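Readers should treat all values here as calculations from the given coordinates under stated rules, not as data from a laboratory. Bear in mind that the values here come from a model prediction, so they are computed numbers and not experimental data. No Cβ is skipped: glycine too gets one built from the backbone with ideal geometry, and neighbour counts run over all protein chains shown.
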Amino acid sequence: MTGKDTMKKFRNILFVSNALQDETAAMKQALSLSRNNEATLKALLVCPGLPNSLDEYAAKYKEALTEQLAESICKAQAALKMEEKADSIPVVIESGSTPAIRIIRHVLRDSCDLVVKDAQPSLDGKGFMAVDMELLRKCPSAVWLCRPIEQARDKIKVAVAIDAESLDRAGHDLALQLLQISRSLADTCSGQLDIVSCWDFEFEEYLHYNPWASVPKEQISQAIAQTQSRNTHELARLITESGIGGDIKTHQLRGRAEKLIPTFVRDEKIDILVMGTVARTGIAGFTMGNTAENIFNVLGCSLLALKPNGFASPVKAY
């Protein structure tokens, strides 16, 4: 069975724009996702509100931003050889402060299941800025933060980071979703899916170097081997349960996820990383605020981030 058979498709995609720069690359990714998932695609233009003293310019201000967004849509459609016109994508404008809250409220009111947004640029091109991080923490839908991808579609590399040993049902179910969605995504790209699972024997240093712990080295080595074996077994079990197939390459990385995953992404030239942002996702203890945020702070590729079933946003629809 392939990912195409098991994938829970996105149905209602929201593209978020600030129309302050060329968003063609992000719009191409949104249009491709919409086409591949046979999903509806809408655009939300979020911009700062003008002060009252400039009210007479408000209409022209919004018109200029709308034209910038329409230009990005047209260029993306042309690049993808799509015949639709820019006005085929409905656009809603939200102006004012707290842009992330406005985006999340729109997601809740319109039951969007995926937000696609151009990653806010940082000085070194890595990590994500304030609005993006707030979406990763609080948005109930999946969030796709786009960075430009230069190579042809059949060369795009997709990787997924999962927790192969989650002890709770939410983490287990999220790992299955991550595998299925990343498999389907890889099917539309290079076809190869890299699956990353981090593991470590957390007591190794303590047992080796604590003078009060007189554990023979052979027993420590055996415990390390058992830890790795358990990770191998659970990873294989999850992949089987997910029902995915195709070109799969598994990577069991020993050590801390916040160091290993960004290094893996860089060294393997991964274009899109799929991972969870809340609860036990990617590695044991993988929660926003520590491991996940440390990874996001140095990540240089596009990110598709999912929440576990039952996640409730602290933001209300109204």
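What to note about this one:
- Cα gyration tensor category, rounded, prolate or oblate, for the stretch 38-110 with a/c compared to 1.5: oblate
- Charge sum, other residues only, whose C-beta stays under 13 Å from SER72's C-beta, Lys/Arg counted +1 and Asp/Glu -1: -2
- Acute angle (nearest 10 degrees) that the helix 24-37 long axis makes with the longest principal axis of the chain, alpha-carbon atoms: 70
- Around the Cα centre of the chain, unit charges on the Cβ atoms of Lys, Arg, Asp and Glu (plus for the first two, minus for the last two) sum to a dipole of about 380 debye.
- Sequence-distant contacts, meaning Cα pairs under 8 Å at least 6 residues apart, place the relative contact order of the stretch 3-306 at 21 percent.
- Identified option (computed volume of the Cα convex hull per residue in Å³; candidates [x] 117; [y] 151; [z] 175): [y]
- Degrees, to the nearest 10: 169-187 long Cα axis against longest axis of the chain: 60
- Distance from the stretch 60-115 to the stretch 144-201 (C-alpha centre basis), Å: 27
- Dimensions of the stretch 130-204 from C-alpha coordinates, computed as largest minus smallest value along each principal axis and given longest first, are 44, 30, 25 Å.
- Mean-square fluctuations from a GNM of the chain, with a 10 angstrom spring cutoff on Cα atoms, peak among PHE264, PHE296, PHE15 at PHE264.
- Between ILE93 and LYS62, the simple label model (points 7 Å from Cα in the Cβ direction) yields a spacing of 0.5 nm.
- Packing-based ranking of 52-58, 125-131, 145-151 yields 145-151, 125-131, 52-58, ordered from highest to lowest mean Cβ neighbour count within 10 Å.
- Net charge contributed by nearby residues that have their C-beta within less than 15 Å of GLU63 (K/R +1, D/E -1): -3
- Considering only ALA78, ILE101, GLN228, the residue lying farthest towards the positive end of the dipole of the stretch 3-306 is ALA78, judged by Cα position with unit charges set on Cβ.
- Put simply, the Cα atoms of the stretch 71-156 extend 35, 34, 22 Å along their principal axes, the longest span coming first.
- Rounded to 10°, Cα long-axis angle of helix 217-242 versus longest principal axis of the chain: 40
- Fraction of antiparallel bridges per DSSP, the chain only, in percent to nearest 5: 5
- Proximal charge balance of ILE248 [Cβ under 11 Å; K/R count +1, D/E count -1]: 0
- Ordering THR291, THR240, LEU45 by Cα displacement along the dipole of the stretch 3-306 toward the positive end leaves THR240 in first place; charges were set at the Cβ atoms of Lys, Arg (+1) and Asp, Glu (-1).
- Using a Förster distance of 45 Å, the FRET efficiency for MET129-GLU218 (Cβ separation, nearest 0.05): 0.35
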